[in-house]
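The values are calculated or read from the model by the stated rules, or taken from the named source; none is laboratory data. Nothing here was measured: the structure is a model prediction, and the numbers come from that model. As a convention, Cβ positions derive from the backbone with ideal geometry for all residues, glycine included, and neighbour counts pool all protein chains shown.
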Amino acid sequence: MFIQVLNGIVYGGLLYLLAVGLVLIFGLREVVNFAHGSLFMVGAYLGFTIASMGYWWGGLLVSVVGMGMVGCTLDALIFRTLRKQDHMITVLVTFGLLLILETAVTAIWGKAYLTYPVPRLLDGTIGIADTPFPIYRLFVIGVSVAVAVSLSVWLRYTRTGLYIRAASTDARVTAMQGINVDRLSLIVVGLGTALAGVSGVVAGPLLSLSPTMGNYILIDSFIVVVIGGLGSFAGAFVAALLIGQIHNFGAVYLPWASTVLPFLLMVAILIWRPTGFAGSRT
Amino acid sequence: MSTTAQGTATTARSRPTAAVMLVGAAVAALAAGATLPWLLPTKIAMSLLAQAIFDALLATSVGFLILQNGRVSFGQAAFFGLGGYSIGVLVARNWVAPELAIIIALVLPTMVAFLLGLVIARITGVAHAMLTLAVGQAFYEVVFRWRELAKGDDGMSFELPRELFGLPASRLQDPVVMMVLAWSILVLVLLALALFARSRIGQIAAAIRDNEERARFLGYSTMLPRALVYAIAAFIAAIAGVLSACYNGYIAPQMFHWSASGFALIMAIIGGAKFVIGPAVGAILLFYIKDYAGQFAEYWPAIVGVILVVVTLTMPRGVVGLVATVWTKRV
């Protein structure tokens, strides 16, 4: 039972890493990034290439830095150019990016499933409640908690964090106060994409690598973002844990309905509160 | 996607001849469709056109939702799949007369969409895109897992009944017959949608799309017209699903998949979602580009992605919009 809860937290943690990136980007650019799942996938493949040479931690580093740079490029080239257009146009462009990235990865690494190694340091199991539990899964929980804590401290107590919170509430008024929202957005989209890279690498050893690995988790993180309320960091955290538990307990106790449960929950919550748990915008 | 009322729609009342011209154009298009079997060289070409028209119908369904409701759906394939699965499962199990099965396969998705529309019409913008995506994927997951229904992941082949409405049903799998039938249905659907946009209810729907609050202040119920538009859009998607299932004699969960919805949306955008005819044009264009690019088939999604990015950046009103702009400048 306790092990089940832990497994749910592992998946919830991964979802949080993706969902918080989506929330960050949505806050500043009011765009839901459909390519976020593919960026997660590209991050995993980047890390895999370095990790299979024997440098697991190097793979993590390369993936985070590389995806951060990809994110900055994405913001500068696409989100900034299209900021005056209808936001739906940008969403469609990110959908086009999804198709391009998936095909590119298929062309480079092939369609076959690849197995991401576990770092030697974290290999093995540890006894929890008399059951062996992989250390690596505890590491995943640790990473998500560390990201959640440092992110909230950064947003709460630094000047940049204050600006980001302000811009997420109302980007135009924030810009009127003399804050360079485009530069903030560069940081935020870069950070959000880097987090997609982190979750890609961290999820690598848990899921198998394939060019479509991002799609399933992208839809789950969409559900997290919508349930939590668009643009709400705390909402995303709670919703990710909730969906993680539902995903896991559903798979054990209601296998025939497990994949539909998150969708039903999302529809129910939107009927009850169209802006989600903690959101105030649509 | 916010759209503003097209000039043609607002002047409809003062010019009744416009409706007559539309009907005339549709009659001409139907006549042209009847000559297609002599124009196309091979059965393969006819089969291709038939399949392109299935895509065109689905894209028209997505585009109509944008045009009349201002809502972008990432889950319209759900109704395509629901139509196809209804006919496939009912015919394969022989539960009802095949004619009744066709009616159910068209009515069921329409009803589902109407009820869903009452709920999701309240959600706007990006949340709406994500919600429709989730609803569509929920259907996909159900048919994917439910092996007893139609063999789940593998998909299911089924035999058409011997007769439909007194005619031999196997004719539906003849490319010549299906091409002409699908073409005629597409023309009639486009005509009906163009006339709908000019009708009273269509104008009310457009008013709600442009400013829901204002329409409510004017005393209109905003929920029902919106839900009606969802229902009509689903009806068109269901027609495409039924035609596709009958023609191929095969149904599979991919009919529901979000990539099918996404591609339909892309076709609608490339063609120009602010025109009734735009999505169909986009679908047929894209279908033939895909066929032409056959040797690069494995890179096809990336090609579509590039086309989509280029079109959205350079011609926001789509191919039909570009043609219309060029045309009005010349005249």
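Among (1) buried (at least 19 other Cβ atoms within 10 Å of the Cβ); (2) under 23 Å from the mean Cα position of the chain (by Cα); (3) touching a residue at least 12 places away in the same chain (Cβ under 8 Å), which single condition is B:Leu164 missing?
Of the numbered conditions (1) buried (at least 19 other Cβ atoms within 10 Å of the Cβ); (2) under 23 Å from the mean Cα position of the chain (by Cα); (3) touching a residue at least 12 places away in the same chain (Cβ under 8 Å), the odd one out for B:Leu164 is (2).
Given the conditions (1) over 22 Å from A:Tyr45 (Cβ atoms); (2) touching a residue at least 12 places away in the same chain (Cβ under 8 Å); (3) hydrophobic (A, V, I, L, M, F, W, C), which single one is not true for A:Ala196?
Among (1) over 22 Å from A:Tyr45 (Cβ atoms); (2) touching a residue at least 12 places away in the same chain (Cβ under 8 Å); (3) hydrophobic (A, V, I, L, M, F, W, C), the lone unmet condition for A:Ala196 is (1).
From A:Val153, A:Val189, A:Val173, A:Val226, grab the single residue that is more than 27 Å from B:Phe144 (Cα to Cα), of a type in the set (Val, Ile, Thr) and surrounded by 24 or more Cβ atoms within 10 Å (Cβ to Cβ). If you could, list the steps in order and put the result at the bottom.
On the way: A:Val153 fails: surrounded by 24 or more Cβ atoms within 10 Å (Cβ to Cβ); A:Val173 fails: surrounded by 24 or more Cβ atoms within 10 Å (Cβ to Cβ); A:Val226 fails: more than 27 Å from B:Phe144 (Cα to Cα).
Matching residue, one of A:Val153, A:Val189, A:Val173, A:Val226: A:Val189.
Could you name every one of the helices (runs of 4 or more DSSP H) located completely within the range B:72-147 that has at least 2 residues being within 14 Å of chain A (Cβ to nearest Cβ) and modelled with pLDDT under 85?
On the way: elements: B:77-93, B:98-120, B:125-145.
Of the helices (runs of 4 or more DSSP H) lying wholly inside the range B:72-147, those with at least 2 residues that are within 14 Å of chain A (Cβ to nearest Cβ) and modelled with pLDDT under 85 span B:98-120, B:125-145.
Quick one: is B:Gly282 within 10 Å of chain A (Cβ to nearest Cβ) and either in a helix (DSSP H, G or I) or crowded, with 24+ Cβ neighbours inside 10 Å (or both)? First the steps, then the outcome.
Working: within 10 Å of chain A (Cβ to nearest Cβ): no; either in a helix (DSSP H, G or I) or crowded, with 24+ Cβ neighbours inside 10 Å (or both): yes.
No: the conditions fail for B:Gly282.
Kindly state which helices (runs of 4 or more DSSP H) lie completely within the range A:156-272 and contain at least 2 residues that are within 14 Å of chain B (Cβ to nearest Cβ) and aliphatic (A, V, I, L, M). Give the steps one after another, and end with the answer.
Numbers: elements: A:159-169, A:171-176, A:181-203, A:213-228, A:233-253, A:261-272.
Qualifying helices (runs of 4 or more DSSP H): A:213-228, A:233-253, A:261-272.
Restricting attention to the range B:307-331, which residues are assigned to a helix (DSSP H, G or I) and either surrounded by fewer than 16 Cβ atoms within 10 Å (Cβ to Cβ) or touching a Ser or Thr at 6+ places or on another chain (Cβ under 6 Å) (or both)? Talk me through it step by step, then tell me what you get.
Of the residues in the range B:307-331, the ones assigned to a helix (DSSP H, G or I) are B:307-314, B:318-330.
If the condition is that a residue be assigned to a helix (DSSP H, G or I) and either surrounded by fewer than 16 Cβ atoms within 10 Å (Cβ to Cβ) or touching a Ser or Thr at 6+ places or on another chain (Cβ under 6 Å) (or both), then B:Val310, B:Leu313, B:Thr314, B:Leu322, B:Thr325, B:Val326, B:Trp327, B:Thr328, B:Lys329, B:Arg330 are the ones that fit.
Confirm whether B:Ser184 is modelled with pLDDT of 90 or more and either touching a Lys or Arg at 6+ places or on another chain (Cβ under 8 Å) or crowded, with 22+ Cβ neighbours inside 10 Å (or both).
Numbers: modelled with pLDDT of 90 or more: yes; either touching a Lys or Arg at 6+ places or on another chain (Cβ under 8 Å) or crowded, with 22+ Cβ neighbours inside 10 Å (or both): no.
Considered against the rule, which asks whether it is modelled with pLDDT of 90 or more and either touching a Lys or Arg at 6+ places or on another chain (Cβ under 8 Å) or crowded, with 22+ Cβ neighbours inside 10 Å (or both), B:Ser184 comes out as no.
Do we have any residue at all in the range A:212-222 that's over 25 Å from A:Val140 (Cβ atoms), in contact with a helix residue (DSSP H, G or I) (Cβ under 8 Å, 6 or more places away or on another chain) and either of a type outside the set (Asp, Glu) or in contact (Cβ under 8 Å) with a residue 12 or more places away in the chain (or both)? Don't jump to the end; show me each part of the working.
Within the range A:212-222, the subset over 25 Å from A:Val140 (Cβ atoms) is none.
No; the residues of the range A:212-222 include none that is over 25 Å from A:Val140 (Cβ atoms), in contact with a helix residue (DSSP H, G or I) (Cβ under 8 Å, 6 or more places away or on another chain) and either of a type outside the set (Asp, Glu) or in contact (Cβ under 8 Å) with a residue 12 or more places away in the chain (or both).
Can you tell which of B:Ser261, B:Ser244 is touching a helix residue (DSSP H, G or I) at 6+ places or on another chain (Cβ under 8 Å), away from chain A (no Cβ under 14 Å) and either closer than 17 Å to B:Ile53 by Cα or surrounded by fewer than 16 Cβ atoms within 10 Å (Cβ to Cβ) (or both)? If you could, list the steps in order and put the result at the bottom.
Working: B:Ser261 fails: away from chain A (no Cβ under 14 Å).
Within the list B:Ser261, B:Ser244, the selection yields B:Ser244.
Check the range A:73-82 and report whether any residue there is surrounded by 13 or more Cβ atoms within 10 Å (Cβ to Cβ), more than 30 Å from B:Ala129 (Cα to Cα) and either over 21 Å from the mean Cα position of the chain (by Cα) or at pLDDT below 80 (or both). I'd like the intermediate steps shown before the answer.
Looking only at the range A:73-82, we keep the residues that are surrounded by 13 or more Cβ atoms within 10 Å (Cβ to Cβ), and these are A:73-76, A:78-82.
Adding the requirement that they be more than 30 Å from B:Ala129 (Cα to Cα) leaves none.
Within the range A:73-82, not a single residue is surrounded by 13 or more Cβ atoms within 10 Å (Cβ to Cβ), more than 30 Å from B:Ala129 (Cα to Cα) and either over 21 Å from the mean Cα position of the chain (by Cα) or at pLDDT below 80 (or both).
Please enumerate the residues belonging to the range A:75-90 that are assigned to a helix (DSSP H, G or I) and either within 12 Å of another protein chain (Cβ to nearest Cβ) or basic (Lys, Arg) (or both). So that I can check it myself, show each step before the final result.
Applying the first criterion (assigned to a helix (DSSP H, G or I)) to the range A:75-90 yields A:75-79, A:87-90.
Listed by number, the residues that qualify are A:Leu77, A:Ile78, A:His87, A:Met88, A:Ile89, A:Thr90.
In the range B:287-315, what count of residues is obtained for those that are more than 7 Å from chain A (Cβ to nearest Cβ) and either closer than 11 Å to B:Ile269 by Cα or modelled with pLDDT of 85 or more (or both)?
Counting residues in the range B:287-315 that are more than 7 Å from chain A (Cβ to nearest Cβ) and either closer than 11 Å to B:Ile269 by Cα or modelled with pLDDT of 85 or more (or both) gives 8.
Considering only residues that are under 28 Å from A:Asp220 (Cβ atoms) and of a type outside the set (Gly, Ala, Ser), look in the range B:264-279 and name the one that is surrounded by the fewest Cβ atoms within 10 Å (Cβ to Cβ).
Step one: list which residues in the range B:264-279 are under 28 Å from A:Asp220 (Cβ atoms), which gives B:264-269.
The next check asks that each one be of a type outside the set (Gly, Ala, Ser); those that pass are B:265-267, B:269.
Working: B:Leu265: 29, B:Ile266: 26, B:Met267: 30, B:Ile269: 30.
The selected residue is B:Ile266.
Looking at A:Val64, A:Val42, A:Val10, which one is of a type in the set (A, V, I, L, M, F, W, C), under 16 Å from the mean Cα position of the chain (by Cα) and within 14 Å of chain B (Cβ to nearest Cβ)? Explain how you work it out, then say what you get.
Details: A:Val64 fails: within 14 Å of chain B (Cβ to nearest Cβ); A:Val10 fails: within 14 Å of chain B (Cβ to nearest Cβ).
Of the residues listed, the single one that is of a type in the set (A, V, I, L, M, F, W, C), under 16 Å from the mean Cα position of the chain (by Cα) and within 14 Å of chain B (Cβ to nearest Cβ) is A:Val42.
Among the listed residues A:Gly96, A:Gly127, A:Gly110, which satisfies the condition of being within 13 Å of chain B (Cβ to nearest Cβ), surrounded by fewer than 13 Cβ atoms within 10 Å (Cβ to Cβ) and free of Cβ contacts under 8 Å to residues at least 60 places away in the same chain? Walk me through it before giving the result.
Numbers: A:Gly96 fails: surrounded by fewer than 13 Cβ atoms within 10 Å (Cβ to Cβ); A:Gly127 fails: within 13 Å of chain B (Cβ to nearest Cβ).
Unique residue meeting the criteria: A:Gly110.
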